[in-house]
Amino acid sequence: MSENSNDADTERLDLQVQATNRLIEALAASEQTMRRRIELISDVVFELDQDERIVFVNRAWTNVVGGAPEAALGKRFVDFLAEPEDWRIEANVAADPDAAPRASARALKRADGALAWVEISLTRLGPAGYLGTLHDVTRQRAYQRELEQLSLVANNTDNLVIIADADGRCEWVNPAFTARTGFALEEMLGKRPGHVLQGPDTDPRAVAEIARALRENRSVSTEILNYTRRGEPYWTMVHINPILGADGKLQRFVSVQTDTTRLRAIQSELETAKAAAEAASRDKSLLLANVSHELRTPMTGVLGIAELLLATDLVPQQRRFVEVMQSSGNLLLRIINDVLEFSRIEEGRIEIEEKPFDLAAAIAGVVDILAPMFREKRLAFDVRLPSEGLPKLVGDAARFQQILYNILGNALKFTQVGSVTLAVDCAPTAAGATHVLVWVRDTGGGIAPTKLESIFRPFEQADKSVAQRFGGFGLGLWICKRLVERMGGEISAASVLDRGSEFFFSLPLRLAEAGSAAERVPAGSLADAATLDILLADDSDVNRLVIKSVLEKDGHRVVEVTDGAQALERVQTAAFDVVLMDIQMPVMDGLAAAEKIRALGGAFARMPIFALTADIVSERREAYLSGGFDKVLAKPIDWALLKQTLRTVPAGSGRTPEN
């Protein structure tokens, strides 16, 4: 009986041991599973003993704090805090054991010396110690600080600021947005800003551009028309930027808008003012062109008659009167030319040509014109050129001559006794170009030091008394300076009162390629042209009389007509070597007549046709040349230039209809 009883007890004991072992194994397996799960948690899980020393941490410790988890074991938790002084663990543990863990934000010292902000959650494990977690909020705090700074700025800016979530729905607007649009934050929350602000006249292209940028998570800037709560339109320049998280995923959009309504109104006003200024400028140009034409046309008669009279037998007193008339006419013409040039320069309508030309010939052309005037004043005129000669260059020969003529003309005008010296040299550069260096020295009265700086300003003259004697507006040197600078050069002056002045200018010009045809530069003293049959078309009786008299004096045969229609008819019934034609004529103007003559074809297409016009505006000049004229000669007529031009026409060159 007792034996059976002992066996039963032993069996029960074995069963209990087996059950206990299975329970232990299950608990061990459960603990191992739990530990594996804890190791997979991204937050730090840690356990402290009663002395607040670390007895366990999971692998997340390495990511958040740094270092191996094993290295933290046995160390006091407080030693990892950036500010341990105010740490009291009981203050961070809930008083009620059944309550949720209390979380507090603290900065930990990372192994690399940086700070990691974490939310610490602790709970008591009875007398054994504490269990806690560390949730890394470093990036969130940095973002929160940025958001706070952005909000601080946005709240104090006049720009309209909208913050929207990744779906483009409004999360926040600043006070400036509400003040401008009338929409409060509560009205905008959760809505797409475009749906609220856009209206009937909003450009769909701008809307599409913004929508495309939002879909592609990229920045966009565009101007768009929006509407206020009251339906008032306003223009705004919108700058939208995506905000990405540390993982590269889109978090939200920030839109900064600048109200451009007033700016657009100002731009519109400026455009209106600009259009008015341009219209006024066109009116001024038209007025100057008309004034120039109306003055130049009678000047042709005045100066032409003076030249014809000087070629006749006159008594000394008569000759003196005619010379004064001619001198006064030339002064008036110079003033007209300077005013027109001033207008063109002020409007930026000066064009600089780039053509090959002979520098020596250009200088000779000016010297030949002025040399007789120097002889008449009994002034020595010394021209000094390099012994090796001057190169062929590429540039604007006419503008070069204009500058040189003006400076030499001033020296001639203001020098009463002594001499004027012209010196020219060239300084080659390494870039295959050259600097043309020009000096003009005179022994005139000189310029006071206080006046020297102002002589290159418009309407300024160094010596008013001399200017009153010789006339002029004081535009010549200003024009020279602007032309020199337009050509990339420099101009200066030096002077000693009562001893004379020296003017210097330099121009950087390219060397002409070998074998290039240099532009012929008109000279001052020319031989007479061959005898030609000339058709002269001009509606001014005075101009026809003068031009015909001058040309017939040189042996040419001249037939007169008074309008373009007669010229067109006459060239088809008689033979002519060249046609000289005014532009502004009744019935048919000169340009229309030239185009119709060219349209006849054959020899008419090659017949030399020269324009004689008082309309010398550069744009019109180009229109004349492209409309059928071979050359454009300005009125009042430069007789030397006319003779030079006619000399290029061989007898029998036009001829039709007998051809």
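The values are calculated or read from the model by the stated rules, or taken from the named source; none is laboratory data. Please read all numbers here as calculations on a predicted model, not as lab measurements. When we count neighbours, we look across all protein chains shown, and the Cβ atoms used for this are built from the backbone with ideal geometry, even at glycine. Areas reflect the complete protein model, heavy atoms only, side chains present, ligands, DNA and RNA absent. Shrake-Rupley method; radii C 1.70, N 1.55, O 1.52, S 1.80 Å.
Of the GluC sites (Glu not before Pro) found in region 122-231, those that fall in a DSSP loop while having at most 14 other beta-carbon atoms within 10 Å are E216.
For the chain, what relative contact order do you get, as a whole percent, if you take Cα pairs closer than 8 Å and at least 6 residues apart? Relative contact order, the chain: 8 percent.
Close amide H contacts of E223 (hydrogens built in the peptide plane, cut-off under 5 Å, sequence separation of 5 or more or a different chain): V238. Shown in residue order for region 430-439 are the 3J(HN,Hα) couplings computed by the Karplus curve 6.51 cos²θ - 1.76 cosθ + 1.60 at θ = phi - 60°: 5, 8, x, 10, 8, 9, 7, 10, 10, 10 Hz (x for Gly and Pro). Separation of the alpha carbons by more than 19 angstrom is noted, of K355/K596; K451/K481; K355/K481, for K355/K596; K355/K481. With a cut-off of 10 Å between beta carbons, the residues surrounding V559 carry a summed charge of +1, where Lys and Arg count +1 and Asp and Glu -1.
The trypsin sites (Lys or Arg not before Pro) of region 348-456 that DSSP puts in a loop, and whose beta carbon has at most 16 other beta carbons within 10 Å, are R349, K377, R378. What's the whole-number percent of alpha carbon pairs in the chain lying beyond 38 angstrom? Tail of the P(r) past 38 Å holds 64 percent of the pairs. Could you work out the local net charge near E186, counting Lys and Arg as +1, Asp and Glu as -1, over the other residues with Cβ closer than 15 Å to its Cβ? Taking every Cβ under 15 Å from that of E186, the sum is +1. All other residues with a Cβ under 14 Å from the Cβ of M373 taken together, and with Lys, Arg as +1 and Asp, Glu as -1, what is their net charge? Overall, the nearby charge balance is +1. The aspartates and glutamates within cross-link reach of K392, meaning a Cα-to-Cα straight distance under 17 Å and a gap of 8 or more places when in the same chain, are E353, E354, D358, D425, E513, E519. Between R229 and T429, the modelled labels are 6.6 nm apart [label points 7 Å from Cα along Cα→Cβ].
V315 sits with roughly 80 Å² accessible to a 1.4 Å probe, with DNA, RNA and ligands left out of the calculation.
For region 211-314, the C-alpha radius of gyration sits at 2.49 times the compact-globule guess of 2.2 N^0.38 Å, with N the residue count.
Helical content of the chain, expressed as a calculated mean residue ellipticity at 222 nm, amounts to -14000 deg cm²/dmol (DSSP H runs of 4 or more residues, -39,500 (n - 2.57) each, divided by residue number, nearest 500). For region 91-247, the Cα gyration tensor yields ellipsoid semi-axes of 45, 17, 14 Å (square root of five times each eigenvalue, largest first, whole Å).
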